[in-house]
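Have a look at the structure below before the remarks.
What follows draws every value from the coordinates through simple rules; no lab data is involved. Please read these numbers as outputs of a predicted model, since none were measured by experiment. Here the Cβ positions follow ideal geometry from the backbone for every residue, glycine too, while neighbour counts run over all protein chains shown.
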Amino acid sequence: MPADAARLSLLALPGLPEIHPGDDLPALLLQALARAGERLVDGDVLVLAQKIVSKAEGRYARLADVTPSARAVEIAKVADKDPRVVELILGEAKEVVRQRPGVIVVAHRNGYVLANAGIDASNVEPSPDGERVLLLPVDPDASAARIRAALEQAAGVRLAVVINDSLGRAWRNGTVGTALGASGLPGLLDLRGHPDRFGRVLRITEIGAADEVAAAASLLMGQANEGRPAILVRGFPYALREGNAGELVRPKEMDLFR
């Protein structure tokens, strides 16, 4: 391969079972790697769907156990949603940013702005105890760090882990894979001060590196019944370092739209 060539490869890990609370997710990932005939090497990135992390952490909420507040009932009328789900959304949110029929956009307690606080029932297996929904991990960066530490200890290599979810964007239609949690790679890569190809110094360029790798992995993960929640990314083009997805959260005072 020529010296100036570059390659990024993505592999959906096969055979992951349905994840349940308390499952050893790193062990299941290592088993899936073995089924694929792969072993982890230095510089690999594992991108995991938020759903399997939330399931392993038991982040379920049974709607029968939720009593909606008066505020949740009022918002539910505007948003045309189950008041119990709205109550859960409010419990995960720092601020309600916008609402319309079908969606409530909030500032999540972890900082990112997203619809319905990331709470939904898609790809959540039915429960005999009644209808339930799945919440985001309590601290996705910490979840990524724990999974990374277990994998690094088992494999003896330097890795990164990204927890991915599909988020909408203010300026464009469609959802895109986004890093809710990350460990071991730059969330935000600052290229200010670097030269371009013609020697001009970059003044404003910052790259959402963790978001870019999450979006790439989403192409294989899919959004419906594909059943590919773990993606091995090899050839990440930047140096690994200690970092997290918190780097990507824009402070409210710098947000031109709030």
Checklist outcome for this item: In whole Å, largest first, the alpha carbons of the range 145-194 cover along the principal axes 42, 32, 12
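Given a cut-off of under 8 Å on Cα pairs at least six residues apart, what relative contact order in percent is computed for the chain? Show your work: numbers first, answer last.
Working: 486 pairs, mean separation 62.9, N = 258.
Reported relative contact order: 24 percent.
Per Stokes-Einstein, at 20 °C and 1.002 mPa s, what whole-number D in µm² s⁻¹ belongs to the chain, with the Kirkwood radius over Cα pairs as the hydrodynamic radius?
Details: Rh = 19.5 Å.
D = 110 µm²/s.
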Next on the checklist: Under 8 Å for C-alpha pairs, at least 6 residues apart: give me the relative contact order for the range 150-258, rounded to a whole percent.
Outcome noted: 27 percent
Item to check | Between the range 1-67 and the range 82-121, the Cα center-to-center distance that results, in Å | outcome: 26 Å
Checklist entry - More than 18 Å apart: what percent of Cα pairs in the range 46-178 qualify? => result 58 percent
Checklist entry - Quick one: 119, 19, fewest Cβ neighbours within 10 Å first, how do they rank? => result 19, 119
Item to check | Computed lengthening from residue 240 to residue 4, 0.36 nm per intervening residue step minus Cα-Cα distance | outcome: 83.0 nm
Checklist entry - Out of residues 5 or more away from residue 158 or on other chains, whose amide H comes under 5 Å of its own, with H placed 1.01 Å from N in the peptide plane? => result 42, 43
Item to check | Local electrostatic count at residue 146 - Lys and Arg +1, Asp and Glu -1, tallied over other residues with Cβ under 13 Å | outcome: -4
Item to check | Sequence of 257, 236 once ranked by neighbouring C-beta atoms within 10 Å, starting from the fewest | outcome: 257, 236
Checklist entry - Mind checking the alpha-carbon convex hull of the range 60-134 and giving the volume per residue in Å³? => result 83 Å³
Item to check | Ascending count of other beta-carbon atoms within 10 Å, so fewest first, for 122, 218, 54 | outcome: 122, 218, 54
Checklist entry - Mind checking the log10 I(q)/I(0) for the range 60-100 at q = 0.24, 0.33, 0.34 Å⁻¹? Debye, one equal scatterer per Cα, no solvent, two decimals. => result -0.76, -1.24, -1.28
Next on the checklist: Under the rule of at least 5 residues apart or a separate chain, name every residue whose amide H is placed under 5 Å from the amide H of residue 163.
Outcome noted: 48, 180, 181, 182
Item to check | Separation of the residue 142 and residue 224 label points, Cα + 7 Å toward Cβ, nm | outcome: 3.7 nm
